[in-house]
Structures are given as C-alpha cells and as structure tokens.
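S.K.: Starting off with a structure, shown below.
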Amino acid sequence: MNDCCASSASQRELVVAASAAPPNYTVRPGVTFPDWSAVISPVVKDTLLAMIGSDHVLNRWSGYDPATDRVRVALLRLYAEDGRAPTTGAIAKRAGLSETAVRPLLEDLRRRDLVVLDKERIVGAYPFTDQDTGHRVTLDGRVLNAMCAVDALGIGAMTGHDIAIASGCRYCGAPIRITTRDKDQALAQVEPRSAVMWQSVRYEGACAANSLCATTAFFCSDDHLSAWRRKQNADEAGFRLSIEQGLEAGRALFGPSLAGLDAAQHLDSDAETRSISQPVSADRAPTNGPMPSRRISAGRRSGGAYDLVVIGAGSAAFSAAITAVEQGANVALIGHGTIGGTCVNVGCVPSKTLIRAAETLHNARVAARFAGISAHAELADWRATVRQKDDLVAGLRQTKYADLLRAYNGIAYREGRARLVEGGVEVGDAPYIAAGKIIIATGARPAAPAIPGIETVPYLTSTTALDLDELPRSLVVVGGGYIGAELAQMFARAGVKVTLVCRSRLLPEAEPEIGAALTGYFADEEIEVVSGIAYRAIRKTQSGVALEIARDGRSVTIDAEKVLVASGRAPNIDGLGLPEFGFSLSPNGAIIVDDRMRTTCAGIYAAGDVTGRDQFVYMAAYGAKLAAKNALNGDSLRYDNAAMPAIVFTDPQVASVGLTEAAARAVGRAVRVSTIGLDQVPRALAARDTRGLIKLVVDAGSGLLLGAHILAPEGADSIQTAALAIRQGLTLDDLTDTIFPYLTTVEGLKLAALSFGKDVAKLSCCAG
C-alpha cells in the first residue's frame with residue numbers, strides 16, 4: 001500500500017510543490033507553526049502541506065494577539081495539569097487577566113477553531129477534549145482525552161513528557177497501545193506492531209473537530225485501514241502514516257504550542273518599556289503603512305494615566321472602548337455632543353424606521369397585485385410618526401450607549417471637546433489626560449456640494465430631513481448615492497413629489513444593471529431621476545428653491561419647496577489639533593490609516609467614518625475593535641473588507657458583497673458573469689413581485705466567487721450567504737452543490753450560479 005493515500009480531485013491540489021517555501025506563521029518570537037525542523041519523512045511533509053496549506057489553517061489559526069496567546073497557553077497548561085478543561089476563572093488567574101477580559105478571548109479562540117465551547121463552558125482545546133474519543137493519553141499519571149490520533153501523539157511533544165496512549169482500531173476495535181521515550185522524541189513500544197494511522201486533511205463546516213478529528217484515527221493494520229476507507233466517501237482526503245510518522249507529525253503540529261514562552265515574555269516586557277520611554281525611529285516605523293512623523297508621549301499604567309484614550313462617543317468609539325476594557329485596559333472615553341453618534345441618533349435607526357413607515361403606505365397601494373384583495377392606507381399624522389421614531393432613538397441611545405457606561409467599570413467617560421497635546425489629550429479647560437495610546441473615532445457629518453448659492457439656501461441634510469414635523473409638497477434631492485436613494489423613495493412614498501438629481505447615475509458604485517433597474521422602479525413610483533448633470537447654481541424663490549443644472553448642453557431649472565443635500569460627508573476633525581502632529585489627511589480631510597488602523601502619528605489610531613472608508617456602522621465598529629486590539633497588543637491584526645456586505649434600503653433593496661464586474665477586471669482578473677431576473681426566482685413569483693435581479697461575478701479560471709449583487713425586496717437578508725461564500729473561498733460549483741431552502745430569496749444565489757451552465761427557465765422547482 002502506498003504511504004500517500006490522499007484521494008481528492010487531484011493529489012496536486014493537496015500537496016504544495018516540494019521546492020516551494022513551506023507555509024507557516026509565527027506563534028511567538030522564535031517559534032513558528034508548524035515546526036518544519038521536526039519533519040524528516042517526505043510523506044509527513046506532504047501531509048502537513050495539505051493541512052497547513054489550507055485556508056482553514058492559515059486564515060483561522062494565525063494572527064491572534066499576545067493576550068489571546070496568553071489565554072491559550074494558560075488553558076493548555078491547566079488542561080495538562082488537571083486532566084480536564086479548566087474554568088474561565090482558573091484561566092483568568094493563571095493568565096493574570098480578569099474573567100471579563102478572558103471571555104472574548106476564548107470566543108476568539110473558538111472562532112479560530114482552537115477551542116471548543118458549549119455555551120461558555122470549555123469542552124475542548126486542541127489537542128485536549130473532555131469527550132471520550134477513544135484516544136486516552138496518560139501524562140504524569142493523569143489520564144486525558146485527545147481529540148484524535150495525531151493529537152494524542154503530539155501531547156508529549158507539547159508538554160515535554162513521555163506519554164502512554166490507549167486507543168483502538170477504528171475498523172475492528174482491537175486495542176492499540178503506544179508509549180514514547182526521550183520526552184516524546186521517539187517510540188518506546190507499539191502494540192500491535194502492524195498498527196498504522198490515517199491522517200485526515202478534510203475540513204467541513206470550517207471545524208476540524210467535526211471533520212478532520214472525526215476521521216483521524218489508529219488502525220491495527222493496513223488491511224483494516226483499507227477496509228475502513230472502502231466504506232468512506234470516494235473523495236475522502238488524507239494520508240496513511242506509520243505510527244512513527246504520526247509521532248513526527250504530532251511533534252511538528254503541537255511542539256510550538258507551549259514553546260518560546262520565556263523569550264516572548266521578555267520581549268513583550270522590553271517592548272512595553274521601549275514604547276513608553278523612547279520615540280519611534282525610522283527603522284522601527286511600520287513598513288507596511290504610513291510613516292509615523294511625531295509621537296505623543298505615552299503614559300504608564302500608573303499615576304492616573306490611561307492605557308487608552310478614545311475620542312468620540314459613537315459606535316466606533318464605544319466598540320474600541322469596550323474591546324479595550326475586555327482586554328484588561330483602563331480607558332478614558334471622551335465624548336462631545338449627543339452620545340451614541342450618527343447611527344442611532346440621525347442615521348441608520350431613524351432613517352430605517354421612517355423608511356419602513358412609508359413602506360406600509362406603498363404596500364397598501366400595491367395590494368391589488370393579489371387578485372381579490374384591496375387595501376387602503378393614509379398618512380394621518382406625520383408628526384406622530386416622527387415622534388414615535390424619536391422615542392425609539394431615545395430608548396436605544398439610553399440602553400445601547402448611556403447605560404453601558406455603568407456596565408464597564410474600566411471606562412471613564414469625559415464630556416468635552418478633545419484636543420491632542422504633548423503627553424495625551426486635553427478636554428476643554430481641564431488638565432490633559434495622559435494616554436498610553438489614542439484612538440480617534442469622531443465620525444463624520446453631512447457635507448454640502450460646491451454649488452454656487454448653496455450657502456444662501458436653507459437646505460435639508462440627512463439629519464434635519466428626518467426631523468421635519470411637516471412634509472413638503474415637493475423636494476429635490478441632490479445626490480444619487482445610498483442616502484439620496486433611500487430618502488428620495490421614503491419621502492415619495494409619504495406623498496412628496498420628489499426629483500432626484502445626480503452627476504453620474506443612480507447608485508454609481510453599484511453594478512450598472514442595478515442602477516438602471518432601480519431608476520425604472522423609481523419612475524414607476526413617480527420619482528424622477530435626472531442623471532448626468534452639472535450643477536450651475538441654486539437660489540431661494542418665493543415658493544422654495546430653484547436648482548439650475550446643465551444637461552445635454554442645455555440649462556434646466558428644477559423648482560421645489562425644499563432641497564435635500566445628500567452628496568457626501570465630511571470627517572469631524574475640527575479642533576483636534578491634527579496639523580500640529582503631522583497627520584496625513586485625504587483631500588476631504590479624512591484621517592489616513594494603514595491596514596492596522598494606525599495613523600501617521602505613532603501611537604495614535606483612527607477608526608470609523610473619520611477615516612473616510614467603508615462608511616457603514618458595522619465596519620466602523622469592526623475597525624475600532626481592530627484598532628483597540630492593535631493598540632494594546634502589538635499591531636498584529638489587519639483590516640479586511642474583502643467580504644464586506646453593503647446594503648441600500650430602497651425597495652427593492654440593493655445588497656452587494658465583493659467585487660463588481662468592472663472592479664474585478666480593473667485588477668486584472670479574468671471573470672465570468674451571470675445575471676438572472678427575479679422572474680426566475682420562485683419566491684418572487686409567489687410574492688407577485690419580480691422586481692430585481694441577481695448578478696454573480698466569478699473567476700474565469702478557478703470558479704471562485706468574487707462578487708454577488710442583489711436587487712430584490714428581501715435582498716438585504718440574502719447577501720450574508722454570499723459574504724460567507726467569498727470569505728470561505730467557495731466556488732461556483734460549491735454554490736450549485738449547496739442545498740438552499742425553497743421559496744426563499746436566497747435561493748436565487750443558487751439559481752444564478754446554475755445559470756452559468758444552464759437555462760434556469762427550463763428547470764423544475766428545486767431541480768438544481
């Protein structure tokens with residue numbers, strides 16, 4: 001029987017060429033995973049290349065910060081000492097952290113597939129488990145359960161002790177006994193001598209515990225391994241290893257887990273001292289981001305100084321502050337104005353509330369699409385609708401922001417205007433706050449376009465428009481982006497005559513098919529979209545405002561009672577003192593950051609709308625969380641928006657993730673695209689609403705899904721499936737082979753995938 005028994009589409013897909021540099025990542029200073037120096041046998045190298053070269057391992061197991069590493073080390077040591085999973089309290093005590101700080105770090109390890117949790121209870125941590133897997137390891141007189149065969153063989157190398165393994169043949173159940181010598185460097189005894197093992201390299205559901213570990217096992221002989229394999233799936237991927245080779249693999253996989261700890265602690269301590277006492281020099285500046293120019297002197301964790309000062313009081317600021325506290329930091333949060341920021345006060349929450357309110361009016365008007373049904377709805381009191389919105393906003397602001405300050409003892413809230421000074425942050429006229437690190441998360445505000453006369457017109461913004469007590473008879477919306485499209489439709493459905501004007505087209509960042517289709521749907525609702533224009537001037541009139549534009553070489557004047565400006569946002573940086581510290585800013589004043597959320601001033605980070613990128617509340621919170629972790633733990637995490645979903649809450653909704661067709665071609669990708677109308681989606685047919693389309697962009701060679709774009713009444717709830725597909729590197733075939741529930745909008749993703757090779761109009765229901 002051949003040593004290498006991998007059976008997938010092609011062995012070449014599992015094994016990286018021997019001449020290529022073996023993939024690895026740094027666990028801690030001087031320690032890499034896997035330990036390739038322990039690998040001698042070619043089949044073991046091939047096995048590890050197939051395992052470690054997968055996206056599962058490289059993307060999930062690498063890149064965690066020192067605090068997370070500290071928790072994992074404490075967990076593994078306690079597991080080995082006690083023979084069972086430790087409590088969170090025991091880990092916190094061993095790691096020198098609070099239980100509050102430990103819980104999110106354990107959750108991070110769970111997401112990385114390094115810890116198995118049952119709610120908040122630990123039930124496993126590679127290589128240990130509390131479940132009886134049939135792989136029992138005796139370590140210093142204690143009996144532990146290993147997750148799989150190679151885990152059992154690696155425990156001795158991880159702990160530096162000889163071990164005894166009691167297991168059984170996966171096929172016949174015959175007992176298998178293995179002991180090691182020389183601190184797990186060699187085998188002492190194997191019974192029976194004919195015993196071998198199967199090392200799986202198959203991951204399912206992004207969880208090794210459910211797939212890889214389930215089929216990595218010992219066998220009493222090659223014959224019984226062959227018999228077992230005949231009962232498995234034909235494409236079962238893995239390698240046959242001798243027990244000696246399995247021990248070699250175990251050393252390479254688990255030897256790094258607890259190695260280099262003394263050196264890492266020394267380096268961490270030395271680095272902390274340097275960061276506090278020394279300025280950053282050119283040779284220590286970040287090499288993959290902006291060059292630091294000037295550093296604000298850092299404060300120590302003593303004498304009233306804070307580990308982190310966060311400037312801002314919105315979603316990004318709270319995310320940063322809470323993340324830092326959970327890491328054990330002492331945080332000062334500086335807010336000015338209404339707590340909660342844009343989303344809860346003047347953005348997502350109030351706008352989507354009013355959009356839904358107006359939607360009920362529209363639904364009544366179109367109820368007749370179902371035979372035998374008529375409905376009527378009227379707007380009786382817009383002021384009451386706005387007050388209800390205000391009540392919701394006030395409640396969420398209190399529960400999700402103000403009340404949270406009392407829930408986190410490590411956050412000290414200061415109200416006032418913040419300004420950067422040498423040594424920290426100045427708040428109003430009070431003495432400055434000493435800061436170890438600083439995060440700026442001050443958000444952005446509506447900005448007015450450069451239209452002559454705009455300063456003389458009492459224009460509405462996305463903020464003030466949502467507070468109108470009375471609806472205007474007519475409205476011109478300036479700007480065809482997300483905000484302009486949403487508010488234009490909302491006001492039109494509430495009974496306002498709406499004209500939307502934009503320089504290019506409706507939703508210029510979306511696929512052109514989507515912008516064109518939505519323009520048509522707007523026309524059906526008597527929303528006039530005037531695109532491809534240039535602004536000439538705007539002025540007040542007796543009846544309201546007059547906007548003069550140029551279109552197709554001629555001047556056109558649009559009259560309306562009110563004008564709503566929705567053409568962009570400006571970062572809130574006034575008064576922060578950024579020029580004095582050499583910050584790099586974009587042309588519109590946004591703070592430039594690198595992929596670690598670092599500004600060009602060492603020790604200062606920025607996140608959220610103030611950076612000018614990915615202006616969605618969830619991305620603000622995500623970036624702020626990264627900023628906090630990087631500020632406290634050494635800049636190890638990178639901002640990744642490759643699978644960022646984006647939603648426009650029009651009707652139909654616009655939902656996108658990944659690359660557009662144009663963007664993919666612009667970066668040199670050869671692509672295939674397919675577009676289907678919603679008249680091919682049974683859910684839309686049943687709802688008698690086939691407005692919309694689904695477009696997929698895939699790599700022409702590999703079939704990888706690069707982008708998904710949905711225009712559908714329920715598109716927002718469907719896009720996350722595509723986001724997960726892109727994040728996990730799924731292909732067109734993966735989508736077509738996946739089971740989707742029938743009569744759902746998300747099923748349209750499968751139909752769109754099938755349309756690359758089939759005429760979906762000729763498929764029966766669920767006939768994918």
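S.K.: Using modelled backbone amide H atoms (1.01 Å from N, in-plane), which distant-in-sequence or interchain residues come within less than 5 Å of G416's amide H?
M.R.: G335, H336, G337
S.K.: A further question follows. Please compute the volume of the convex hull spanned by the alpha-carbon atoms of the stretch 131-258 and report it per residue in Å³.
M.R.: 99 Å³
S.K.: Helix 42-52 versus the longest principal axis of the chain: what angle, 0 to 90°, nearest 10, using Cα atoms?
M.R.: Tilt relative to the chain: about 30 degrees.
S.K.: While we're on this one: Between the helical axis of 149-159 and the dominant principal axis of the chain, each derived from Cα atoms, what acute angle in degrees is found, rounded to the nearest 10?
M.R.: Helix 149-159 sits at roughly 80 degrees to that axis.
S.K.: Which ³J(HN,Hα) values in Hz, rounded to whole numbers, follow from the phi angles of the stretch 453-468 under the Karplus curve 6.51 cos²θ - 1.76 cosθ + 1.60, where θ = phi - 60° and Gly and Pro get x?
M.R.: Each residue of the stretch 453-468 in turn: x, 4, 5, 9, 10, x, 7, 8, 10, 4, 7, 6, 5, 6, 9, 4 Hz.
S.K.: Non-local amide H neighbours of K497 (under 5 Å, H modeled in plane, Pro and chain starts lacking H): which ones?
M.R.: Long-range HN contacts for K497: S474, L475.
S.K.: Moving on. Taking every pair of distinct Cα atoms and averaging 1/r, then inverting, what Kirkwood hydrodynamic radius in Å comes out for the stretch 613-768?
M.R.: When all Cα pairs of the stretch 613-768 are included, the Kirkwood radius is 16.4 Å.
S.K.: Separate question: For the Cα atoms of the chain, what angle does the longest principal axis make with the long axis of helix 99-111, in degrees from 0 to 90, nearest 10?
M.R.: It works out to around 80 degrees.
S.K.: How far apart, in nm, are two points set 7 Å out from the Cα along the Cα-to-Cβ line at R638 and at L743?
M.R.: The answer from the label model is 4.5 nm.
S.K.: Given the peptides 615-623, 691-699, 667-675, arrange them by the average over their residues of other C-beta atoms within 10 Å, most packed first.
M.R.: 691-699, 615-623, 667-675
S.K.: Using θ = phi - 60° and the Karplus form 6.51 cos²θ - 1.76 cosθ + 1.60, what ³J(HN,Hα) does each residue of the stretch 714-722 get, whole Hz, x for Gly and Pro?
M.R.: Going residue by residue, I get 10, x, 4, 7, 9, 5, 5, 4, 5 Hz, with x marking Gly and Pro.
S.K.: Can you sort V498, V654, V123 by how many other beta carbons sit within 10 Å, fewest first?
M.R.: Fewest-to-most Cβ neighbours within 10 Å comes out as V123, V498, V654.
S.K.: One quarter of the convex hull surface, Cα atoms only: what value does that give for the chain in nm²?
M.R.: Value for the chain: 38.0 nm².
S.K.: If amide hydrogens are placed 1.01 Å from N in the peptide plane, which non-local residues have theirs closer than 5 Å to the one on V421?
M.R.: Correct list: E426.
S.K.: What percent do you get for the relative contact order of the chain when only Cα pairs under 8 Å and 6+ apart count?
M.R.: 10 percent
S.K.: Longer than 31 Å from Cα to Cα, which of K119/K629; K231/K762; K119/K231; K629/K750 are they? Say none if no pair is.
M.R.: Long pairs (Cα-Cα over 31 Å): K231/K762; K119/K231; K629/K750.
S.K.: What ³J(HN,Hα) values, in whole Hz, does the Karplus curve 6.51 cos²θ - 1.76 cosθ + 1.60 give for the stretch 69-78 when θ = phi - 60°, with x put for Gly and Pro?
M.R.: Karplus-based 3J(HN,Hα) across the stretch 69-78 equals 4, 4, 5, 5, 4, 4, 4, 5, 5, 5 Hz.
S.K.: Under a straight-distance cross-link criterion of Cα-Cα below 19 Å, which lysines are reachable from K497, leaving out those fewer than 8 residues away in the same chain?
M.R.: Straight-line reach from K497, under 19 Å: K540, K562.
S.K.: As a check on your grasp of the helix formula, calculate [θ] at 222 nm for the chain: sum -39500 (n - 2.57) over DSSP H runs of n ≥ 4, divide by the residue count, round to the nearest 500.
M.R.: So the calculated ellipticity at 222 nm is -9500 deg cm²/dmol.
S.K.: Length gain on complete extension for the stretch A662 to T26, per 0.36 nm per residue less the alpha carbon to alpha carbon distance?
M.R.: Between A662 and T26, full extension yields 225.3 nm more.
S.K.: What chymotrypsin sites (Phe, Trp or Tyr not before Pro) in the stretch 308-396 are in a loop by DSSP, with at most 13 other Cβ atoms within 10 Å of the Cβ?
M.R.: Sparse-neighbourhood loop chymotrypsin sites (Phe, Trp or Tyr not before Pro): F370.
S.K.: If you don't mind, there's one more thing I want to ask. Could you tell me what fraction of 2.2 N^0.38 Å the Cα radius of gyration of the stretch 428-584 comes to, as a two-decimal ratio?
M.R.: 1.26
S.K.: For the stretch 131-258, what is the relative contact order in percent, using Cα pairs closer than 8 Å and at least 6 residues apart in sequence?
M.R.: Relative contact order for the stretch 131-258 comes out at 28 percent.
Every read-out reported here was derived from the displayed coordinates using simple, explicitly stated rules and does not represent laboratory data. Just so it is clear, the model here is predicted, and its values are computed rather than measured. Virtual Cβ from ideal backbone geometry, glycine too; neighbours counted across all protein chains shown.
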